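Just so it is clear, none of the values below were taken in a lab; they were calculated from the coordinates. Only a predicted model underlies this, so the values are computations on that prediction, with no experimental measurement involved. All Cβ positions, glycine included, derive from the backbone under ideal geometry; neighbour counts span all protein chains shown.
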Amino acid sequence: MQPITFCNRCRGMKVGYNKRYLLHCLLCREWVAKASKLLILGVVLSSIIFRYPVSTGVLFREIDQPEPATLNEASFLPPAPEPRVTVSISAMLAKYGVDSSQRDRVAKAIVTSAHKYNVDPRLVASIVIVESGANPFAVSGSDSVGIMQIHLPTWGTLADAQGINLFKIEDNADLGVRILSGYIAAHGVWGGVASYNGQTDDPVSQRAIDEYVQKVQKIYGYTPPLNPIATQAILQ
């Protein structure tokens, strides 16, 4: 049996979709009012859809392509050192007679490590010149090795644990500058340089450390300020 529907306004009856009911729908004010409302609503919705279209690329991004990479720590690293810095350090090494066959490699290792640990590369080069003359195979009587003369009794265990080859220029420079940067952070630049050479309460050894710092300062091009008492004596 077909469903029966009544018009709420004029009680017109629908039995199926016959011609008589369709004609009634066209004439019935209530039906026309409802149809008008639907039409207006449809127009409004259409205008919204066309005004703010939905991008298919957003809807299907997870399927079609991966999300862009998020920022990582590399994004916040300072810019890489300019090549001219390496050239300058290489020229500085040449001035002090560093072997030309290793000079550019040593300069690059110094600049890379100095940049990594935020230390002045000229200061690192000055220490390398004083410590070993940039000889990667230098071994001292106190069991210090490589271009930065890493002290084996102090740092050898760390080097072994981290797989650091102290006779490799890059490894030695990296560990040496890492150690130096820690001393500088704790004691300032020249106090850090003194600590790198060794700290002692023995006056004779301390005098040797002071001379070591002065050598580094001379190569670096640093002139310590005069002692106020000494300056007064000179003026008199």
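Got the relative contact order for the stretch 84-236 handy, in percent, Cα pairs under 8 Å and 6 or more residues apart?
About 17 percent, as a whole number.
Taking amide hydrogens as modeled 1.01 Å from N in the peptide plane, which residues meet the under 5 Å criterion relative to I150, leaving out close sequence neighbours?
Counting only residues 5 or more places away or on other chains, the set is V145.
Which pairs in the list K95/K215; K168/K215; K95/K116 are over 23 Å apart, alpha-carbon to alpha-carbon?
Pairs exceeding 23 Å: K168/K215; K95/K116.
To the nearest 20 debye, what charge dipole does the stretch 86-230 have about its Cα centre, counting +1 at the Cβ of each Lys and Arg and -1 at the Cβ of each Asp and Glu?
Here the stretch 86-230 has a charge dipole of around 480 debye.
Once phi is turned into θ = phi - 60°, what whole-Hz ³J(HN,Hα) does the Karplus curve with 6.51, -1.76 and 1.60 give for every residue of the stretch 183-199, x standing for Gly and Pro?
Taking θ as phi minus 60°, the curve returns 5, 5, 4, 8, 10, x, 4, 7, x, x, 5, 4, 5, 4, 6, x, 10 Hz for the stretch 183-199.
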